[in-house]
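What follows is a set of notes on a single structure, which appears directly below.
The values are calculated or read from the model by the stated rules, or taken from the named source; none is laboratory data. The structure displayed is predicted, hence computed values, not measured ones. Cβ placement follows ideal geometry from the backbone for every residue including glycine, while neighbour counts extend to all protein chains displayed. Heavy atoms of the whole protein, side chains included, go into the accessibility calculation; ligands, DNA and RNA do not. Shrake-Rupley method; radii C 1.70, N 1.55, O 1.52, S 1.80 Å.
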Amino acid sequence: MPERRLNTSRPMVLPPDAPTTPFPIRLSGHVVKGFGRGSKELGIPTANLSDDALKALCEEIETGIYYGWVQLGDKDTAIHPMVMSVGWNPYYHNEKKSAEVHVIHQFEHDFYNAQIRVIVLGYIRAEQNYPSLDALIEDILTDVEVAKNCLDRKAYLEYKQDELFVHVKN
Ligand SMILES: Cc1cc2nc3c(=O)[nH]c(=O)nc-3n(C[C@H](O)[C@H](O)[C@H](O)COP(=O)(O)O)c2cc1C
């Protein structure tokens, strides 16, 4: 991926210091195919949540961009930071609401049909429309940095031990 700039007009970490209502929100479902633009056009792959997980989520939160932890599949027990977009993707004029998770980790393969477990811990910003694809990418890459900083706080790190996730037994 070419070197990208971040949106430096935004704060790089957001309050609060511990998750507050309605968080944490726990979701599980599986990964379904999106429109496939995430990897191709944006260079930012996303895992789309199945309708069951999406329905549970939409009952609890507004559209927008969120952060938290994610675990994928049933063998790999790694828990990764994630950013999630919930809504209509105004830049692409989608007609169906979706929830897409970008896992902050480099994978060699995709995850269609894999199980996905997500804990949403905080809100980053509202969905926006953009004058260009570059401006959208710049804001998503900024969301990634904001999410990493926000999750690197004690009260957020603790959720990696949550019982939603599969843990290796010693
Ligand atoms: C963290 C994050 C933030 C996003 N923010 C926006 C946004 O503000 N506006 C928008 O139109 N789409 C936003 N998107 C959605 C992208 O447009 C979306 O990932 C793209 O449409 C690819 O979807 P597809 O793989 O289903 O084709 C965001 C996606 C992520 C992962």
*What percentage of all Cα-Cα pairs in the stretch 25-161 are separated by more than 28 Å?*
9
*State, in angstrom, two size descriptors of the stretch 1-98 derived from its alpha carbons: Rg to one decimal place and Dmax to the nearest whole number.*
14.9, 40
*Of all the accessible heavy-atom surface of the stretch 25-161, with the other protein chains kept in place and a 1.4 Å probe, what percent is carbon and sulfur?*
50
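Per residue, how many Å² of accessible area does the stretch 56-170 show with a 1.4 Å probe?
Values: 5900 Å² over 115 residues.
On a per-residue basis, the stretch 56-170 sits at 51 Å².
What does the charge add up to near G64, with Lys and Arg as +1, Asp and Glu as -1, over the other residues with Cβ less than 9 Å from its Cβ?
On the way: positive: R125; negative: E62, E127.
Result for the local shell: -1.
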*Sort out the exposed loop GluC sites (Glu not before Pro) in the chain (DSSP loop, at most 10 other Cβ within 10 Å) and tell me the longest stretch that has none.*
4-94
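Do any trypsin sites (Lys or Arg not before Pro) in the stretch 64-107 lie in a DSSP loop with no more than 10 other beta carbon atoms within 10 Å, and if so, which?
Working: sites: K75, K96, K97; in loops: K75, K96, K97.
Answer in residue order: K75, K96.
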